[in-house]
Amino acid sequence: MEKKTNSGAFFKNDKGDNPNRPDYRGTYTDANGIDHWASAWVKKDKNGNSYLSFTTQVKEAKPEPKEESVKPNSGNIDFRNSNSLAEAFNSDSELPF
């Protein structure tokens, strides 16, 4: 599918066993070239006429996982460092139990 500004496409969605899932899913690119996810539901108005209700969300890159740092003397053992386990058991610090 060719990517055009201010356009997109919807495709029939497999709702599986969840009736709340969108009837259609798709993507579009706005006037600024930003890509969005789009979801649409077929609904009926008070007169019984069908219409589409939709939502959009900016496609964002998944953030890189942050490496959790272990603070010195926090009581935590950093097993990423092969010496940490040996240091923990060879120290004269009090055990927490």
If each residue of separation counts as 0.36 nm, what is the full-extension length gain between Asp17 and Asp35 once their alpha-carbon separation is subtracted? 3.6 nm
Take the Cα radius of gyration of the stretch 7-58 and divide it by 2.2 N^0.38 Å, with N its residue count; two decimals is plenty. 1.27
If unit charges are put on Cβ atoms (+1 for Lys and Arg, -1 for Asp and Glu) and the dipole of the stretch 7-58 is taken about its Cα centre, the option from Phe11, Gly48, Ala31 lying farthest towards the positive end turns out to be Gly48
Once phi for every residue in the stretch 41-49 is put through the Karplus expression 6.51 cos²θ - 1.76 cosθ + 1.60 (θ = phi - 60°), the whole-Hz ³J(HN,Hα) values, with Gly and Pro written as x, are 10, 7, 10, 10, 7, 5, 9, x, 7
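None of the figures in this text is laboratory data; all of them are computed from the coordinates on show. As the structure is a prediction and not an experimental result, all values here were calculated from the model. Heads up, the Cβs are rebuilt from the backbone with ideal geometry, glycines too, and the neighbour counts pull from every protein chain shown.
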